[in-house]
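Down below is the structure, laid out as structure tokens.
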Amino acid sequence: MTLGLAAPAMAAETYNLDPVVVEGGGVHSSQETRDAVENAFQGTRSGSYVDGSVIQNLNGVNSGDALRYSTLGIINEPGTGNRFGGGSKIRTFGDWGASRSIDGLPAFKAADEEGGGYTNTLIPSIAIDRIGVLRGGRGVGYGDGTDGGIIETQIKSGRGYKDHAAISLDASSAMEAMTQAEAADSGEKWDYYVAGKWLGAAYNGDPDNLDGQQVRGGLAKFGYNLSDDTRFELLGITNRSDTDIIRSGNEEPIRTSANVLALTADHKLTDKTSIRAGFFHNDSHTLWNARARDREINNNVLFGDYYYDTPINSVVRYLGSVGGEVRRTEYLRDNQWDANFTDFSLKSQNTFTFHDNLALTAGLRHTFFENDIKLNGVEQADNLADDQLTSYELGIAYSVLEDTRLRASVASGYNRFYEKYGNFGSDALNPNGAGDEIVDSLTYEIGVRQSFERGYLDVALYDTEQDGVPRRGTGALIESMTVKQRGLEVEALFRATKDLTVTANFMKLLDVESTRPDGSSAGGNIFFGTNGVSVPDYQLGVQATYALTQDVNLWGLVYHTAGYEAENLDGSITEREGFTKLDIGASWWVKPSWALRARVENVFDERTFGSTIVGTSANDGGNLGTVFWIGTDYTF
């Protein structure tokens, strides 16, 4: 689904499937050149977006759960489909999930909830303007963690709001209560947007692994226009999650915290040029004392870019940027590992457009890597396989007809995969193995978008190869694997009537194959052990909204996968059952400032989410089934 910038909306918006074109219009004059350059560079690539209203209505606590069912590209692995989880793998199997970006800032990975309870709770859903799943290697624009793509969340801005305040209240039959609130205002020189959330849940053993959870957090986004040419923005986010799980009959507390702080400055040099500089910080910590787990990931990034947008002649327009980034990631694990990763990057993004139709893109990033690894306080020898890497992408897009646009691209991504430290024991330090090898991916893709009066159809074929994927081999060492995957993606939107809109997204994994260093096939066996990764036959999601009256709106989402297959190391196949998930809801605007909402989550009472092996008894993992929600929203 494509998404576009709309006027500021109320607290909880009606479930909105309208396509929105991501383009400028709401940005400050100092940001216009940057906005044009970045949007032009994305024009030859595949990306799907979901409106913040969809996220808030589907799962107002866990944005990752709402995202994977409502948009295209994220792989739903067996057993992770329940309301509390939500993976971030985009197209690829040789990694543990994509990095995330907020407001186009440098991408990052964070420590998240472990053991049970809601994950992906960092940003209050009321504050989300949109989330994009940008597919294919994104190493040039975002750096680390971009093997198969990137997840980018756009926060609402105070620009355009005047004395706005709103509150949203929700309660569920699973003994959950949630409150969210937002406030925003703007003047000639300034604007702000603030939001907060609180969730209280008393599960008391239903599901059987959870006693309760409390989530609380807030967000503040401030903008100040020093002049028509200069703007400063400050973003701060804080989140705390206190979860009490039940394991082997015992109650075990898990405490998770995360913070984000970002400061950026945009300055327009001329009508054709501008610069941006900034600092980004994220710290995250999860503590599970019962299992001696104490884990932190802390990121600090300095970045700057120069942007240029000019017509070369009456036919050709050039949009480009050059910039740099210094990143330091601290990875602390269980009071044993103290690992620091420092990356220095230089990058450039370039787009040429011809007659406002043909677009050619070319991008380059060169990154230098440094490691500083300590295990139990002892400095370890440098085990980087390569201390630098070049990422690139080339793309082309052309409208062969007014409503038919073709695109093709080749793009690389990379992944530090620092999760190998600890998760693979001390194997990464063994000099006889592959050591710390950067995972380097390359994606070839072709696509077409056919627009028509009542919607669009978008089709993409991709082929992605990941090199340097770590696998625990024999002899306490890491093998360097190659993982190949090919797939087909289709998404469509159709406005059947002025009141009824339907969207669909379909993903078919055509092939997944991993190869060991000696050239032998490992089938779908990638990281460790002998079992292969479970590959869905296909994933299909359909959404619909219907305006019953001017004030009453109905919506529904159904997701289906036919089943999973895993090719194990010995060539045997493990099959898992598929599942179908249906959510429905309704909203009634009693008056322009007051709405009532109702939702039925998981209508079909699905509990296995692909975890059951064919021929065995159902494995429901203690998951909740159907849950009923009621809510209300009021704008002051």
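The values are calculated or read from the model by the stated rules, or taken from the named source; none is laboratory data. Here the structure is a predicted model, which means the values were calculated and not measured. Every residue, glycine as well, gets a Cβ built from its backbone with ideal geometry; the counts of neighbours run over all protein chains shown. The area values use the complete protein model at the heavy-atom level, side chains included, leaving out ligands, DNA and RNA. Shrake-Rupley method; radii C 1.70, N 1.55, O 1.52, S 1.80 Å.
Quick notes on this structure:
- Principal axis analysis of the Cα atoms in region 151-214 yields extents of 54, 27, 14 Å, listed in decreasing size.
- Accessible solvent surface per residue of the chain, calculated while the other protein chains remain in place, 1.4 angstrom probe, Å²: 38
- Ligands, DNA and RNA left out, the 1.4 Å accessible surface of the chain is 55% carbon and sulfur atoms.
- Whole-percent P(r), region 363-465, all Cα pairs, 5 Å bins from 0: 2, 10, 16, 14, 12, 10, 9, 8, 6, 6, 4, 2, 1, 0.
- In sequence order, region 40-46 has phi-based couplings of 5, 5, 7, x, 9, 10, 9 Hz under the Karplus curve 6.51 cos²θ - 1.76 cosθ + 1.60, θ = phi - 60°, and Gly or Pro positions carry x.
- Violating pairs (Cα-Cα greater than 22 angstrom) within the set LYS156/LYS508; LYS156/LYS591; LYS347/LYS420; LYS109/LYS189; LYS89/LYS109: LYS156/LYS508; LYS156/LYS591; LYS347/LYS420; LYS109/LYS189
- For the chain, the alpha-carbon radius of gyration amounts to 0.93 times the rule-of-thumb value 2.2 N^0.38 Å expected for a compact globular protein.
- Using a Förster distance of 56 Å, the FRET efficiency for ASP463-ILE584 (Cβ separation, nearest 0.05): 0.90
- Label-to-label distance, LEU358 versus GLU330, with points set 7 angstrom from Cα along the beta-carbon direction: 5.2 nm.
- Here the 3J(HN,Hα) profile of region 544-559, calculated from phi with Karplus coefficients 6.51, -1.76 and 1.60 at θ = phi - 60°, is 8, 10, 9, 7, 5, 9, 5, 10, 10, 10, 10, 8, x, 9, 10, 10 Hz, Gly and Pro shown as x.
- Applying a DSSP loop filter and a limit of 12 other Cβ atoms within 10 Å to the trypsin sites (Lys or Arg not before Pro) in region 333-437 leaves nothing.
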